[in-house]
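This report concerns only the one structure given below.
The values are calculated or read from the model by the stated rules, or taken from the named source; none is laboratory data. The shown structure was predicted, so the numbers you read here are calculated from the model rather than taken from an experiment. Methodologically, a virtual Cβ is constructed for each residue, glycine included, from the backbone with ideal geometry; neighbour enumeration extends over all protein chains shown. The protein model used for the area step is the full one, side chains on, heavy atoms only, and it has no ligands, DNA or RNA in it. Shrake-Rupley method; radii C 1.70, N 1.55, O 1.52, S 1.80 Å.
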Amino acid sequence: MNQPGYALIIINCWLIFAVFWLVSAFKVKATAERKSFISSLAYRIPFIVGGIMIGTFGWHYPMNLSITPESEATRWAGAFVCVAGLGIAVWARLTLGGNWSSNVQFKEGHQLVKTGPYRFVRHPIYTGILVMCSAQGIQFGRLHFWLGLLVVFVGLWIKLKQEEAVMLRHFPEYSDYCKQVKAIVPFVI
């Protein structure tokens, strides 16, 4: 089945994201402290549920209700937004380097990173992921995409709160950083 160009762009963005994250996961520092698997369910469950809502089609009313206009322009805009989100996430991941973890962890020799995209938001990887997720809503405009984005946001918000508790314990200056730089959306949230 041939996919239109805008759909291929989003598919390829997610493939690039997955491969890049998998490969770069092998270049991280050793773990010094980690939260339990049970505590991770608080953010993993909403993230998975939201991902399913964003990544699947064939929903019935009211979940397939059109929220945003459907046109070639919005579909290409969604593709552009997805590329931008991928760029943000990759830039942030490269800047974070060996301090990165898919779980809530503190690394040996962990450093507080405030350069690159971390000058604008404390969690730019999450910003990039949310921007990528919003691309589906922009492209296809259905209610389930937008609700899925909200559920993913909740999962990421729970995770960032857990991460920030760890950072505050290890870096006293993190409190000042939180006052100066917003968590996910520059100057807003």
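Of the conditions (1) closer than 16 Å to PHE145 by Cβ; (2) open to solvent by 40 Å² or more (accessible area, probe 1.4 Å); (3) in a loop (DSSP other than H, G, I, E, B), THR68 fails just one. Which one is it?
(2)
Would a scan of the stretch 112-122 turn up a residue that is at pLDDT 95 or above, among the hydrophobic types (A, V, I, L, M, F, W, C), part of a helix (DSSP H, G or I) and surrounded by fewer than 19 Cβ atoms within 10 Å (Cβ to Cβ)?
no
Can you go through ILE129, ILE88, ILE138 and tell me which one is closer than 23 Å to ILE9 by Cβ, modelled with pLDDT of 95 or more and open to solvent by 40 Å² or more (accessible area, probe 1.4 Å)?
ILE88
I need the full set of residues from the stretch 159-187 which are open to solvent by 80 Å² or more (accessible area, probe 1.4 Å) and not charged (D, E, K, R), in order please.
LEU168, PRO172, GLN180, PHE187
Of the numbered conditions (1) at pLDDT below 95; (2) in a helix (DSSP H, G or I); (3) out of contact with any strand residue (DSSP E or B) (no Cβ under 9 Å at 6 or more places or on another chain), PRO62 fails exactly one; give the number of that condition.
Single failed check for PRO62: (2).
Of everything in the stretch 27-41 that's out of contact with any strand residue (DSSP E or B) (no Cβ under 6 Å at 6 or more places or on another chain) and buried (at least 16 other Cβ atoms within 10 Å of the Cβ), which residue is farthest from LYS107 (Cα to Cα)?
The qualifying residue farthest from LYS107 (Cα to Cα) is SER40.
Give the stretch 12-44 a look and list any residue that's in a strand (DSSP E or B) and either at positive phi or of a type in the set (Lys, Arg) (or both), or say none.
Once the filter is applied, which keeps residues that are in a strand (DSSP E or B) and either at positive phi or of a type in the set (Lys, Arg) (or both), the stretch 12-44 yields only ARG34.
So how many residues does the stretch 71-100 have that are over 22 Å from LYS161 (Cα atoms) and not in a helix (DSSP H, G or I)?
So the count comes out to 1.
Just one of the numbered conditions (1) within 28 Å of GLU164 (Cα to Cα); (2) touching a Gly at 6+ places or on another chain (Cβ under 8 Å); (3) open to solvent by 40 Å² or more (accessible area, probe 1.4 Å) is not true of ASN103; which one?
Single failed check for ASN103: (2).
Give me the residue from the stretch 134-168 that is in contact (Cβ under 8 Å) with a residue 40 or more places away in the chain and basic (Lys, Arg) and, out of that set, farthest from VAL104 (Cα to Cα).
By that ranking, first place goes to ARG142.
Looking at PHE57, PHE47, which one is open to solvent by 30 Å² or more (accessible area, probe 1.4 Å) and assigned to a loop (DSSP other than H, G, I, E, B)?
Residue meeting the stated conditions: PHE57.
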